[in-house]
Structure formats: structure tokens, C-alpha cells
Amino acid sequence: MAGARTAPRAGERVATLIRHWPRVAISLIPVLFALLHATGVLELGLLHRLDHLIYDARLRASMPRTLDERIVIVDIDEKSLAEVGRWPWPRDRMANLAHEIFARQEALVAGFDVVFSEPDDSSGLKRLRQLSREDLRDEPGFVEKLRQLEHRLDHDALFAQALQGRPAVLGFYFTSDREGGSSGVLPEPVGVMNPTQRHPARMTTWNGYGANIEVIAGAAPHAGFFNAIADPDGVVRSAPILAEYKGRVYESLALALFRRLIGFPDIELGPEGSSHPTDALPSLDSVRLTQDGSRLAIPVDDRAAALVPFRGAGGPKGGSFRYHAAADVLAGRLPAGLLKDKIVLFGTTAPGLLDLRTTPVSEAYPGVEIHANLISGLLDGRVLVKPDYALGYDVFVLLLVGIGLAFGLPWFAAVGAMVVSGAAIASVVALNSWLFLDHGLVLPLASVLAMAVAVVVLNMGYGFWVESRTKRELAHLFGTYVPPELVEEMVNDPDRYTMQATAREMTVMFCDMRGFTRLSERMDPGQLQRLLNELFSRLTRIIRHERGTVDKYMGDCIMAFWGAPVESGEHASQSVRAALAMVEEIRAINQERVASNELPVALGIGLHTGLMCVGDMGSDVRRSYTVVGDAVNLGSRLEGLTKTYGVDIIASHATRKLATGFRWQELDRVRVKGREQVVTIYRPLPEGDDGEPAGSAESTAWEELLKSYRAQDWEQCELCLLNLIRLDPRNVLYHLYAERVARRKSLPRIHGWDGATDIETK
């Protein structure tokens, strides 16, 4: 009887699986893709980024955030640059710094995260030697005096003497460019690759270098490279320990310092147990240091790079390492022996010296502190490891969880399926986290998480997922272009919106910073970046407040449009309100800049309304949601006319016609290059502008001027202009017309003239 009961149950289970086979098959699709990604057959960039995010979050959560008293950073900071002068400093100053570090402070070892690749001619010794051989060779007094002073003027020799016999490790860098240029003298390599074998280790390979000049390199023969290699997302998570150049292997600055600290152990490059260290290297999963029978393995990845065990946020205020300004050390302001038995790293945090890196713990992390973290981790044995069995682990977990969920979820109701899925995901995360926190193992997690979530979603709500996908894609596509409130409107009715190109009446805006080139020449890149970011942020908020779509930023120019993707019957009025508000915002910004003794900025805005083509356009490499057409080109040219007419805003007649509720001043009729049609241009008057109220003397004189100008009544034009310039002597527009009238007065009358000005510029 028991066997009889078992048979139907088994049959029921088979029947259930057969009934749910589409559900199981759909659920197995993400399992397949996850396996292809894990094995490298199909690289999914999103999963790589997710793994990076998970790693970064765990790293930040597990950092000790304690001060390592063993390592001190002598920092070329802004204070030091202001006190000592711009980098590089004269080598006699560096000699004094070296004497201070090694003699007075008694540092245990010092590493230089800089390179001295060119001779120091700041003393003028080179020129003096030339004079002694040429113009002043017959002056024995000069030659003798030069001989007496030569040792004091040879700054490179002074620095070399200060390093001679001292526990110093210099830095150098590798390059990889078309020319493969090199300078300076490389240190002795730590290994040589076998030229008869392929290079399976895949360590970073370079074709050029910048090293220290011979006299300095000879005084301190131990050196390491300080190159940083970022992941594809631009974040530095690991640092090369070894690098290859022309078949020779060189060590990093961190490894060179660490080896010096522990007595210069030998480096084994070959596989475990190999009698030929430089053989084919079937697996370089670690760099082994051997000395007197003892062995220390430093785990590395396939680039011979080690994961950086970050201690904290980084920088002088990060709390991981103690910082001392290089100027204070050089001036002897530190108490004697303060750096006794310390590991000293000489580097910079000054932004202008370009040694700030993007890391998982900070977007502006000092490069010198990356070396400090590596040394600290090596000393403590606190080095994270991505083991060589990570692939096998990932495949096993994917198969276990994926197949289990795909075949198991059909047996449960909705609530039960969610509970089972949650338990499976939680178990995988817990195991992975335990291996990371307790054993320092960095194992992949993103693929199994993404796969599990995808299986649950497809299994439980595929129909709903298909239905809502359109809304999610719409929000993703348009979220960076239009205000969030417009995206919400679009999501409520997604069928009305598309990225396909369409033609519709819209208003386009071009906004350009006047005199920005001259202003930027007086700024360093950091100041220029901050200014542009502030201007763009404040002006963009106004555009978005008026429901405009920011098309792009072009140098110091903003392009925006109204009427798409959400149609609006008030697109012209919205653009005018935005333009007037942007002018007022620039005035507020300039008040702040003048108060800070900074040069003001000026603004030019062009507005035009017409038929435009809008949609997703570009190449297969890069695309954007934008507008094109003759109307767009006209808007750009109107912006270019603002400087000529001395106004902040110029709008076309088409924009003025649709933008109701504003007061306008007609400026001119223009005929731009490439267009036969005459365009009447206007200036919108801001609210509360009582300088030109309707019916005032100035307004009446201006209207009379335009009427007389188009009638070619030059005497009446001059009379009007005299009144206008008397009322507003600094008005660019009045002086522009005065020049035109003076020029046309000497010319014969033009029969049938329409009063339009031909604009030849593009």
C-alpha cells in the first residue's frame, strides 16, 4: 500500500513539473546568463559594477578607522607650496629635508612618492661652468672661486650626499605610449622573465619610464614604481606589486619599502615548488618573499596587483596616518626625534600636483596613502585575497541556488515562494560576508544575487514585469533630461511618449557665458571647474523649475528646449520666464563674486520658437535625446547677437507672439546667413523694469527711431538718437544704431529696403 501511495505522489510531482515547464524554463534563463558571465563567455558590465559596489560597501564597513603610528606622511600640501614655492623644489632644499628626516628625526626608512627625473639647474652652476670655459676662462680668480663654490652649487650632488647610505627608497613611474620614451636610471630588477616562454602571468607591461637621474639613483639604489591602475569604472581598488618592462620585473614602491623593513628577502616569481623562478608562471596568484627558510606570500591578482587594505577615509583628516606638512619638517619645526623609528612617506595631497585618486573610500584619495595602506596591511598581515578558486565557488553557488529556485518555486504559493527565495538569498549573502570578514576572502556575489532576484521576478510575476518594464525604461531614458515631476507625468501614461524622432512646435534656448574665455585664462582648472559647476547648477534649477529639458552643456554654453518630451501649450512663455529668471540669478551671482573680489560674468540668451525634430539621436557608441533643425540653428544665432545688441536676451518674433503676458522691446529686423526670411528680434523686459515703460519719452523716442530708420530718414534718426543717448549714454544698442545711421547716411537710398540687417556670421 505504501508503494501504491508513493507512485501517485511521484506522478503528481512529475505532472506538476510538466505543467509548470514554461515557468521553469523562463527561470533557467537568468541562471544560464549568470553562468556565462561567471565563466567569462559573456561579460556583463552591470554585474561587474555591482560586484564593485558590494566590495566597496563591505570595505568601508570593515575598515579599522584607527591611526597607524608606524607610518608618517610628510605632505607637500598647499601650505608647503605657499611657503617653500612651487614643486619641484630645489635639490638643496631636498637635501636639507633628507638630513632632517634621517639625522635629526631618525626615521627608520623613508620612501619618496615623487621622481627626480631632471637635473636641478636652479643654482646657475651650469651657466657658471660654461662661462669658466668660454667668456671668463682667462679670469683665474673667477675659475678658482667657482671651484671653491662648486660643491655648494651642485644641488643634485648635495641631495645625493644626503641620501648616501641612508635607508631611502626612491620612486619612479612607468609609461605606455607610442614613443616609449624613457629618462633617468632604473633600479636593478627583482627578476627576469624567461624570453623563451610566453608571459602567462599577465602582469602590467610598459614600454617607457621616468626614473631618477643617475647621481641620485646611485646614492639611493633601492627604488619602486608608484603607478596606480584603475578598474574600468575609474576606481583604484588594487595596486600593482610587480610590473614588467622589456622582460625584466620591477617592484612597487610599497613592496620595496616593505622588503627593506624586513631585511630584503628574495622574491620568488615562479609557481610553488619551481626550481626555476622565472619559468612559464602557470599561475601567479601570490608574490612570495623568502629569507632564511621562512616564506611570506602576498596574494595578487592576474595583474600582479594586490587589493589595497584601506584603513580609513584618507587625507590629513582621515585619521589613518599622521600627516606633517613638508614645510614644517624642512624648517625644523618638529621636535627632534618625533619621527624616530617611523616609516616616512614623502608625497603630496595638493590638488594641483595631480596625485589624487578615486578609491572606494574617497573620490579624492592621496596617492601616497595608497602606498601607506599597502605597507600597513603587509606589516599586519591584513591583506584581502581574491583566491584562484573564486570561479569554481561562483559556478557552484550559481548552480545550487539557481536550479534549486527554478525547480522549487513552482511548488509554493506566492507568500511561500517569497519566503524561500528570501532565505536562499540571505544564506548566500551571509556565507559570502562571513568569508570576507573572518577570512579576508573576496568572492563574487553580484552574479548569484542578480540571478536569484531575476529567477524570483520571472517566476512570480513575469506578466507584471513585462507590463511595468515600459514605465521603468521611460523613467531611465528621460530622467537625466527632464525634471522629475515631468518624468512622473510620463510614467502615468507611458504610451504617449517615445524616443522616436518626431516633428513638433517647440521653443529652444541657447545660453552662453560672455567673456568666459578671458575669465578662464585667469583661473586654474580647479577654480574653473567649481565656477562652471556652480553656474550650471543654479541656471539648470531655473530651467527645470520652468519645466524645460536640458539638452546638453557645451563648454560654457547651456542648450535647453521646451515642448518635449511632455507637450506644453505654454512652452514659449515658460522659456521667457526661465530666461528672465536666469538673468536675475546671474546678477545675484555677480554680487557674490564682486563681494569676494572676483570678476563678474555676463550672460547671453537666445530664444526661438518653431518646428523642430526631437528624439533620440546619435551613433551606436553614444546617443542623446536632442532637437535638430533650422529653427534650432536660428536660436543659436540669436544668442550670438546678444553681445552685438548689448542685451541679455534676444527672442524671435515667433517666441514673442506665443509668449503672452510680457512687455517687449523690438530691437531690429535681421536676415541671418543661409536664410532669406527676415526675422524680427525682441528683448523681453523684466518685471518691475521702469526704465522703459510704455509711453515714456525713451520708449517713444525708440519707436520713432525704428520708424525713421526703416523709412531711411537719417536726419530724424539722428535727432532721436541724440535724445536716447542723452537719456542713457552707456546703452550699447543706441550707439550701435548711431554707427549704422552714420554709415548709411553717406550711401544712396535703397529702393524697396525692408530695414533688415544682414548678419553674415554663422
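Quick check: is even one residue across the stretch 27-41 among the aromatic types (Phe, Trp, Tyr), over 30 Å from the mean Cα position of the chain (by Cα), surrounded by 17 or more Cβ atoms within 10 Å (Cβ to Cβ) and within 22 Å of Ala157 (Cβ to Cβ)?
Checked against the condition, which is being among the aromatic types (Phe, Trp, Tyr), over 30 Å from the mean Cα position of the chain (by Cα), surrounded by 17 or more Cβ atoms within 10 Å (Cβ to Cβ) and within 22 Å of Ala157 (Cβ to Cβ), the stretch 27-41 yields no hits at all.
Please specify each residue of the stretch 541-572 satisfying the condition of being part of a helix (DSSP H, G or I) and under 13 Å from Met506 (Cβ atoms).
Once the filter is applied, which keeps residues that are part of a helix (DSSP H, G or I) and under 13 Å from Met506 (Cβ atoms), the stretch 541-572 yields His571, Ala572.
Does the stretch 410-452 hold any residues that are surrounded by fewer than 14 Cβ atoms within 10 Å (Cβ to Cβ) and closer than 23 Å to Tyr55 by Cα, and which are they? Let's see the steps before the verdict.
The first filter runs over the stretch 410-452 and keeps only residues surrounded by fewer than 14 Cβ atoms within 10 Å (Cβ to Cβ), leaving 411, 413-416, 419, 422-423, 426-427, 430, 434, 437-439.
If the condition is that a residue be surrounded by fewer than 14 Cβ atoms within 10 Å (Cβ to Cβ) and closer than 23 Å to Tyr55 by Cα, then Gly422, Ala423, Ala426, Ser427, Ala430, Trp434, Leu437, Asp438, His439 are the ones that fit.
For every residue, the table says whether it meets (1) modelled with pLDDT under 90; (2) of a type in the set (A, V, I, L, M).
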| site | (1), (2) |
| --- | --- |
| Gly367 | no, no |
| Leu374 | no, yes |
| Arg382 | yes, no |
| Gly408 | yes, no |
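Listed here are the residues, each with its yes/no results for (1) in the same structural domain as Glu584 (by TED's automatic domain parsing); (2) part of a strand (DSSP E or B); (3) touching a helix residue (DSSP H, G or I) at 6+ places or on another chain (Cβ under 8 Å).
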site	(1), (2), (3)
His608	yes, yes, yes
Gly615	yes, yes, no
Thr626	yes, yes, no
Asn633	yes, no, no
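Taking the residues in the stretch 741-762 that are without any contact (Cβ under 8 Å) to a residue 60 or more places away in the chain and surrounded by 16 or more Cβ atoms within 10 Å (Cβ to Cβ) as candidates, determine which candidate is nearest to Arg683 (Cα to Cα). Let's see the steps before the verdict.
Residues of the stretch 741-762 without any contact (Cβ under 8 Å) to a residue 60 or more places away in the chain: 741-753.
Okay, now just the ones that are also surrounded by 16 or more Cβ atoms within 10 Å (Cβ to Cβ), so 741, 744.
Values: Val741: 21, Arg744: 25 Å.
Checking each candidate, the answer is Val741.
So which residues in the stretch 294-332 are without any contact (Cβ under 8 Å) to a residue 60 or more places away in the chain, in a loop (DSSP other than H, G, I, E, B) and of a type in the set (Lys, Arg)?
Of everything in the stretch 294-332, just one residue is without any contact (Cβ under 8 Å) to a residue 60 or more places away in the chain, in a loop (DSSP other than H, G, I, E, B) and of a type in the set (Lys, Arg), namely Lys317.
Report every pair of residues separated by at least 6 positions or lying on different chains whose Cβ atoms are under 9 Å apart, first residue within the stretch 84-109 and in contact (Cβ under 8 Å) with a residue 40 or more places away in the chain and closer than 14 Å to Gln161 by Cβ, second part of a helix (DSSP H, G or I) and of a type in the set (Lys, Arg).
From residues that are in contact (Cβ under 8 Å) with a residue 40 or more places away in the chain and closer than 14 Å to Gln161 by Cβ, the pairs are Asp92/Arg152.
Can you find a residue that is touching a Phe, Trp or Tyr at 6+ places or on another chain (Cβ under 8 Å) and either modelled with pLDDT of 95 or more or buried (at least 19 other Cβ atoms within 10 Å of the Cβ) (or both) anywhere in the stretch 82-92?
To start, the set of residues in the stretch 82-92 that are touching a Phe, Trp or Tyr at 6+ places or on another chain (Cβ under 8 Å) comprises 88, 91-92.
Now restrict to residues that are either modelled with pLDDT of 95 or more or buried (at least 19 other Cβ atoms within 10 Å of the Cβ) (or both): 91-92.
Yes, there is a match, as at least one residue in the stretch 82-92 is touching a Phe, Trp or Tyr at 6+ places or on another chain (Cβ under 8 Å) and either modelled with pLDDT of 95 or more or buried (at least 19 other Cβ atoms within 10 Å of the Cβ) (or both).
Going residue by residue through the stretch 624-647, is there one that turns out to be among the basic types (Lys, Arg) and buried (at least 19 other Cβ atoms within 10 Å of the Cβ)?
Scanning the stretch 624-647, I find at least one residue that is among the basic types (Lys, Arg) and buried (at least 19 other Cβ atoms within 10 Å of the Cβ), so the answer is yes.
Being within 28 Å of Val672 (Cα to Cα) and among the hydroxyl-bearing types (Ser, Thr, Tyr) narrows it down to one residue among Ser575, Ser568; which is it?
Of the residues listed, the single one that is within 28 Å of Val672 (Cα to Cα) and among the hydroxyl-bearing types (Ser, Thr, Tyr) is Ser575.
How many of the residues in the stretch 424-444 are farther than 17 Å from Tyr389 by Cβ and touching a residue at least 60 places away in the same chain (Cβ under 8 Å)?
Total satisfying the criteria: 2.
Can you give me the number of residues within the stretch 343-354 that are surrounded by fewer than 20 Cβ atoms within 10 Å (Cβ to Cβ) and either free of Cβ contacts under 8 Å to residues at least 40 places away in the same chain or under 14 Å from Ile375 (Cβ atoms) (or both)?
Residues meeting the conditions: 1.
Determine the pairs where a residue that is of a type outside the set (Gly, Ala, Ser) and at pLDDT below 85, located within the stretch 386-404, has a partner that is part of a loop (DSSP other than H, G, I, E, B) and exposed (fewer than 14 other Cβ atoms within 10 Å of the Cβ) with Cβ atoms under 7 Å apart, the partner being 6 or more residues away or on another chain.
Taking only residues 6 or more apart or on different chains, the pairs are Asp388/Ser283.
Quick one: Cys511 ticks every box in (1) assigned by TED's automatic domain parsing to the domain that holds Phe561; (2) outside any strand (DSSP E or B); (3) modelled with pLDDT of 60 or more except a single one, so which number is it?
For Cys511, the failing item is (2).
Can you find, within the stretch 667-685, the residue that is surrounded by the fewest Cβ atoms within 10 Å (Cβ to Cβ) among those that are among the basic types (Lys, Arg) and assigned to a loop (DSSP other than H, G, I, E, B)?
In this case the residue turns out to be Lys673.
Among the residues of the stretch 310-324 satisfying the criterion of being surrounded by fewer than 21 Cβ atoms within 10 Å (Cβ to Cβ) and in contact with a helix residue (DSSP H, G or I) (Cβ under 8 Å, 6 or more places away or on another chain), which is farthest from Leu59 (Cα to Cα)?
If we take residues in the stretch 310-324 being surrounded by fewer than 21 Cβ atoms within 10 Å (Cβ to Cβ) and in contact with a helix residue (DSSP H, G or I) (Cβ under 8 Å, 6 or more places away or on another chain), then Gly315 is farthest from Leu59 (Cα to Cα).
Let me confirm something: among Leu599, Leu519, which residue is in contact with a Leu (Cβ under 8 Å, 6 or more places away or on another chain), among the hydrophobic types (A, V, I, L, M, F, W, C) and surrounded by fewer than 16 Cβ atoms within 10 Å (Cβ to Cβ)?
Leu599
Quick check on the stretch 729-762: of everything there that is aliphatic (A, V, I, L, M) and either part of a helix (DSSP H, G or I) or touching a strand residue (DSSP E or B) at 6+ places or on another chain (Cβ under 7 Å) (or both), which residue is modelled with the lowest pLDDT?
Restricting to residues being aliphatic (A, V, I, L, M) and either part of a helix (DSSP H, G or I) or touching a strand residue (DSSP E or B) at 6+ places or on another chain (Cβ under 7 Å) (or both), the top hit is Ile759.
The values are calculated or read from the model by the stated rules, or taken from the named source; none is laboratory data. The shown structure was predicted, so the numbers you read here are calculated from the model rather than taken from an experiment. Cβ atoms come from the backbone with ideal geometry, glycine included; neighbour counts cover every protein chain shown.
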